[in-house]
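The values are calculated or read from the model by the stated rules, or taken from the named source; none is laboratory data. What you see is a predicted model; the values in this text were computed from it and never measured. Note: areas computed on protein heavy atoms with side chains; ligands, DNA, RNA excluded. Shrake-Rupley method; radii C 1.70, N 1.55, O 1.52, S 1.80 Å.
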Amino acid sequence: MDMKEGLRSKMVITAILVFIIAAAIPVYLRAQVNQVQNNAVPPLYATVPVGKFFYASPEDFAPPHQVDVYLIGWEGCHVALSDAWPLYIIMSAYGSLSYVYASSNPYRPFPNTTGLIFLNYTPYEADEPVHFYFIYMYNKWLNATPNGTPIPKGELITVGAEELKHFLPTPLYQLVMHYQLDAIFQNTSEPLAILKGHIVTVLVITGPNGTYMAYGPLYNILPLKNANGTYIMQNLYNKKVVPYIWQGVQVIENVIEEAAGSELNITFT
């Protein structure tokens, strides 16, 4: 082999190596992106239960040494309104809450369920071990945002997703949307948001031990139909008058303790 042929061979080999490296870089980058996405969103569950909490992710989306509770819903939803009673009891230990009485959409499942719509939450101290957030995506009639901006027909999922994207930390937003649009729910054949045509109310609790979610009523809410909100609030701490609400309190408190794990050692009396 003369000098020219040797030089030509080296050039060919170099070109091949450059091509291989150039082709490998996008594959590597995609792998890195997929790794991040897989860490943020767990593998798809075959079936997600309704009416009880499930372990949605091992990821902790709260600040260090803290449990975050998110109520994500809409103003006419029987789940969001009924969840508000036990949440008021629990979160009043960590901050002050303002609210208005409301009832669920009379043309939807569990019509005229009496509950609370939260207006504001202020923790007593910045370092409270449990923090509370609420997000309402739609009005009572599912045709506008809570501030009255009309929502075009067929755009409920898009508008609801934009609201969540604005308020939630990005990794938690991805997780919530995963279960809204990808996971199949118990006794259904398609994701619940697709089935209902809007983002569905979900209660999210996240802390050092991971993230938990719940869809559907957590206790028997039938006594809340056409109930007097003022009367319930006046008797809210009387377990003999509203035992069903205290069943919800117990369920949520248990999951807060579970999400906290041994790091925070949160206990309720």
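Give the distance, in whole Å, between the Cα centre of the range 68-87 and the Cα centre of the range 193-223. Spelled out, the Cα-based centre of one part sits 9 Å from the other. Averaging Cα coordinates gives a centre for the range 252-269 and one for the range 148-173; these two points are 30 Å apart.
For Asn112, the amide hydrogen comes within under 5 Å of the amide hydrogens of Ser104, Asn105, counting only partners 5 or more places away or on other chains and with H modelled in the peptide plane.
Taking amide H as placed 1.01 Å from N in the peptide plane, the amide H of Val48 sits under 5 Å from that of Ile184, Phe185, Gln186, each at least 5 places away or on another chain.
Taking only protein heavy atoms and a 1.4 Å probe, the accessible area of the range 104-173 is 56% carbon and sulfur. The listed residues Tyr138, Tyr124 rank as Tyr124, Tyr138 when sorted by accessible area, largest first, using a 1.4 Å probe. Largest first and in whole Å, the equivalent-ellipsoid semi-axes of the range 180-269 read 27, 23, 9, each the square root of five times a Cα gyration tensor eigenvalue.
Using a probe of 1.4 angstrom and keeping all protein chains present, the accessible surface of the range 155-269 works out to 47 square angstrom per residue. Rounded to the nearest 5, the antiparallel percentage of DSSP beta bridges internal to the range 43-258 is 75%.
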